[in-house]
Amino acid sequence: MKRIGVLTSGGDAPGMNAAVRAVVRTAVYHDMSVIGFKRGYNGPLMQNRNHTDDFEILTERNVSGVIHRGGTFLMTARCLDFHKQEVQEKAIKNMRALGLEGLVVIGGDGTFRGAHALNNLGFPTVGIPGTIDNDLAYTDFTLGFDTAVNTAIDSVNRIRETSESHERASLITVMGRNCGDLAVHTALACGAEYALVPEKEWYVEDIADKLKWGVLTGKRSNIIIFAEGAFNSLKSNMHELCHKYEALKGIENDQMTSSKLAHVLEVLSGHEVRATVLGYIQRGGSPSGSDRILGSRLGAHAVELLLNNKGGRAVGIRENKIIDVPFEEITGVIRPLNNELVDLINVLSHNTE
């Protein structure tokens, strides 16, 4: 191949710029040219607001000084129509008109689905896992996960200090709609008492009882790390609970949120609970050394695959070795919960009654 494309799609993740840099510099080393598409799959479709802003030719100089930057300088967006075959064919037609022979995409499961479709239509495509959720089962780590964990750890450390000063519990919400890895790793690294995740059933009454017992045994703070998707695994009858307690009747018919959950825990435990949602702070910031190195290794391997006419694969890392796996084996497969780490959190936070 003599010319390839690269794009970032879906949610941004620290380390994406490092991966794009590696794609460009590895390609140039092998006498290939690279076109960078902007705003995900909208770039190859040439449907950005300004048609002169759909793509740019990337050189070694374009990617100089980006390895330490968070986000993605190519920008990112979701393209809801890309599941349609006629839309995919339009993207391929546009890319071939630019002289492209292959494409590297950086993103999560949805991005990989689009890449898989392009490859099935005859356009060689390779995927790099870029998502802070770490929800792709085929790779030990996804790009951005390490940085997001460290960002969350720093935030939780600060919250714990003020929680201890006021002798209160803190409910801290991290990202993770379908995968609890970010919550589990953050909880373990911070010495949190609880990690509530979408993969494991839980009852609000149990958490309230543990909070109450922690206070009785002299704990000055309690940290609950809550994955945003954990409401899906909540098994308590919230309607019944809100009806039972006078102080909860005002939220009886409301949709549950982190702040309302904190209120419920406070009423049931008799102990002050404050809610903090970390939100997009987890996605931003300079990538960690691990994510910079991982992005560089994955980007280089993606180009080498295309150089050898091997499309339809996603690169990843297992036991510190770079691997590549066919798209059909990984799309739609969510990482299972690491119960060993969950059990360790419970052991290390145990209070003897």
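Some observations on this one:
- Any hit, the stretch 314-336, residues being small (Gly, Ala, Ser), loosely packed, with under 12 Cβ neighbours inside 10 Å and in a loop (DSSP other than H, G, I, E, B): yes
- Residue that is nearest to Arg113 (Cα to Cα) [pool: residues in the stretch 62-87 that are of a type in the set (Lys, Arg) and modelled with pLDDT of 95 or more]: Lys84
- Selection count, the stretch 152-178, where residues are in contact (Cβ under 8 Å) with a residue 12 or more places away in the chain and in contact with a Ser or Thr (Cβ under 9 Å, 6 or more places away or on another chain): 17
- Residue match in the stretch 121-136 (condition: free of Cβ contacts under 8 Å to residues at least 60 places away in the same chain, more than 24 Å from Glu228 (Cβ to Cβ) and not in a loop (DSSP other than H, G, I, E, B)): no
- Scoring Leu58 on the criteria (1) more than 27 Å from the chain's Cα centre (by Cα); (2) surrounded by 23 or more Cβ atoms within 10 Å (Cβ to Cβ) leaves a single failure, condition (1).
The values are calculated or read from the model by the stated rules, or taken from the named source; none is laboratory data. If you're wondering where the values come from, they're calculated on a predicted model, not measured in any experiment. Because the Cβ atoms are built from the backbone with ideal geometry, glycine has one as well, and the counts that use them run over all protein chains shown.
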